[in-house]
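Remarks on the structure that follows.
The values are calculated or read from the model by the stated rules, or taken from the named source; none is laboratory data. Since this is a predicted model, take the numbers as computed values, not measurements. Glycine also receives a Cβ, built like all others from the backbone with ideal geometry; neighbour counts cover every protein chain displayed.
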């Protein structure tokens, strides 16, 4: 069985983190968010995956070329026009080649087996089956039984290939709002299946930080640190990590490959430092996430913040409850972004405050 991951769209364009990376490439302690979608697809034997990613396709493809998923072949489709979730499926119909296939919303982070949804689809004899969860857990939860709750679409679909004949060749066409009603009008059977597993939706900085903390506390994901080495109680590291003897590390912490921590620096978890992060001497980092190649200067302090790629926290400066972005943006340009408990700081402002 093949699959399509809908990893484009504009639904999270108001999150400041998406200025730096597309959501599927947000770093987590065991990789990036996209890997959770691919792991879920492996539970039902999917080997060929088409990723519809819009303008972020080149960045996603470059990452997956660097870190190819084991046992999977990835294919890419970049829409020239905004075609919608069902429109994307119509555009990649030749890839699906008349097979039953899975569709996965790229906004989802899944930790669970999809076979129950596929099995329900086969048993019901449906043209399309929607994975559902109790509406109260739509943003995240662990599903066992629905207990009579109102249900909401999860973002996982099992689809028979003849459904694609009902997708127009041009124009915007949505899966939930247009394709499913059309199928019902034409007397195609559609079914539902309760997803039994854990799921999360990363919609802003706060929900992203919460997910990272769950992974660090080992309450989400299976064996999240299998590719890392335990260097101290509650501290895991990738290769080529350098920690000064006088530095203090308090877990849970994950240190990405090539990270360096200077003399008398203090790093307190829950925290995640990506690849080639530099924490200079006498600096303090508490409860924060630092994306690859971020730098915290000498005697600086970072607390409960997300510091994105290449950002340089100046010496003696301080960040607290911030999303820090190395981008040529004035703060006035970021006022419309969804902050969810975090201020948004551009690097020029941090440097000016030092």
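At-a-glance table
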quantity	calculated
Residues located in region 202-224, provided they are at pLDDT below 90 and buried (at least 19 other Cβ atoms within 10 Å of the Cβ)	202, 204, 205, 220, 221, 224
Test: residue 35 is within 25 Å of residue 209 (Cα to Cα) and assigned to a helix (DSSP H, G or I)	yes
Hits in region 10-29 - residues which are buried (at least 20 other Cβ atoms within 10 Å of the Cβ) and modelled with pLDDT under 85	15, 16
Subset of region 160-212 [over 30 Å from residue 26 (Cα atoms) and assigned to a loop (DSSP other than H, G, I, E, B)]	160, 167, 168, 169, 170, 171, 186, 187, 188, 189
Any chance residue 74 is in contact with a strand residue (DSSP E or B) (Cβ under 6 Å, 6 or more places away or on another chain), surrounded by fewer than 24 Cβ atoms within 10 Å (Cβ to Cβ), in contact (Cβ under 8 Å) with a residue 24 or more places away in the chain and within 22 Å of residue 215 (Cα to Cα)	no
Criterion: modelled with pLDDT under 95 and over 19 Å from the mean Cα position of the chain (by Cα) - qualifying residue of 249, 175	175
Test: residue 331 is more than 21 Å from residue 216 (Cα to Cα), surrounded by fewer than 17 Cβ atoms within 10 Å (Cβ to Cβ), at pLDDT below 95 and touching a helix residue (DSSP H, G or I) at 6+ places or on another chain (Cβ under 8 Å)	yes
Segments classed as strands (runs of 3 or more DSSP E), wholly inside region 62-159, with at least 1 members that are over 18 Å from residue 175 (Cβ atoms) and modelled with pLDDT of 90 or more	73-77, 108-112, 128-134
Region 305-316 - residue that is free of Cβ contacts under 8 Å to residues at least 40 places away in the same chain and in contact with a helix residue (DSSP H, G or I) (Cβ under 8 Å, 6 or more places away or on another chain) and, of those, nearest to residue 282 (Cα to Cα)	313
Residue count, region 257-295 (criterion: crowded, with 19+ Cβ neighbours inside 10 Å and in contact (Cβ under 8 Å) with a residue 40 or more places away in the chain)	7
Complete set of residues in region 14-29 that are under 15 Å from residue 288 (Cβ atoms) and assigned to a helix (DSSP H, G or I)	17
Restricting region 237-256 to residues that are out of contact with any helix residue (DSSP H, G or I) (no Cβ under 9 Å at 6 or more places or on another chain) and in a strand (DSSP E or B), the residue that is surrounded by the most Cβ atoms within 10 Å (Cβ to Cβ)	255
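Conditions (1) modelled with pLDDT of 95 or more; (2) touching a strand residue (DSSP E or B) at 6+ places or on another chain (Cβ under 8 Å), marked per residue:
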{"position": "281", "(1), (2)": "yes, no"}
{"position": "284", "(1), (2)": "yes, yes"}
{"position": "290", "(1), (2)": "yes, yes"}
{"position": "296", "(1), (2)": "yes, yes"}
{"position": "299", "(1), (2)": "yes, no"}
{"position": "303", "(1), (2)": "yes, yes"}
{"position": "313", "(1), (2)": "no, yes"}
